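Structure, as structure tokens:
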Amino acid sequence: MQLRFRAAAAGLALAIMVPVFASAQSDSNNFAVRTIEVDGSGETRTSPDTADLDLAIETRAKTAEQAAGSNAALAAKVIDALKSKLGDKGKITTGGYSLNPEYDQRATSETPKIVGYTAQNSVMVHTGAQDLAGALIDAAIAAGANRVNSLNFSVKDDTKARGEAIAIATRDARAQAEALAAALDVKLGKVLKATTISEQRPVPMRMNRAVFASATAVSTPVEPGDVTVPATVSLIFEIQ
């Protein structure tokens, strides 16, 4: 049989578990282990050292062949412009590709009329030279790219920051357990189980079409913020 009591503190789940195990052979073998389970949280911030840029080239034409051909030509120009600006400071890859018909929305017949086609290709840039992000956007737009799907900044190796976040979360969890034990007038014992979850939260930067319209006239300013590395630690303590 297991009895569980839950309390809340600082928005985190706290639990007291009282599992009782009974032996079928003898009542003298009965024993109980009482526990407190707490979740602690912590986070650290660090400067990014990597940028990931996702660009789109979208073209429209009367026929699928024209839309696809125009898109391929523009994509080649965009890739060449990016390579020229990036040099050996990163890598360029192509992402998704789509070719879809466009329909006359005013048509009243059951079979919509196709009035043209839209082709879309995406080009992705990964670089450690994050100071080039603005220049890469400008070069891509000047060459024919007409949308930036996303620009994310991250940390290539977040081991140190993640360890610090876990340490903060562990101290938070222990402090909660001590406070709960004191409130319940019980003694906190050894840790029976510890688990943790930690993952990097990149810094996203998104820009709309209005910004792109003027991006060729002036340099696109890009100022990344800090990357947040959060952690959650769950601890189960024995109590006496």
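Bear in mind these aren't lab numbers, they're just calculated from the coordinates by the rules spelled out. What you see is a predicted model; the values in this text were computed from it and never measured. Note that we place each Cβ from the backbone using ideal geometry, even for glycine, and neighbour counts take in every protein chain shown.
The table for this structure:
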{"read-out": "Surrounding net charge for Lys113, when Lys and Arg each add one and Asp and Glu each subtract one, Cβ distance under 15 Å", "value": "-1"}
{"read-out": "Derived scalar couplings ³J(HN,Hα) [the range 46-58; Karplus, 6.51 cos²θ - 1.76 cosθ + 1.60; whole Hz; x for Gly, Pro]", "value": "8, 6, x, 10, 9, 10, 10, 10, 10, 10, 10, 10, 10"}
{"read-out": "Qualifying GluC sites (Glu not before Pro) for the range 62-130 [loop in DSSP, other Cβ within 10 Å: at most 16]", "value": "Glu110"}
{"read-out": "Charge tally in the Cβ shell below 13 Å around Thr50, where Lys, Arg are +1 and Asp, Glu are -1, Thr50 excluded", "value": "-2"}
{"read-out": "Percentage relative contact order, the range 50-153, counting C-alpha pairs under 8 Å, at least six apart", "value": "50 percent"}
{"read-out": "27 Å Cα-Cα threshold exceeded, pairs from Lys160/Lys187; Lys77/Lys113; Lys62/Lys85; Lys83/Lys156", "value": "Lys160/Lys187; Lys77/Lys113; Lys62/Lys85"}
{"read-out": "Pairwise Cα inverse-distance average, inverted: Kirkwood Rh of the range 97-148 (Å)", "value": "14.1 Å"}
{"read-out": "Cα coordinate range in the range 50-153, projected on the principal axes (Å, largest first)", "value": "54, 24, 18"}
{"read-out": "Highest-first arrangement of 169-176, 84-91, where packing means the average Cβ count within 10 Å", "value": "169-176, 84-91"}
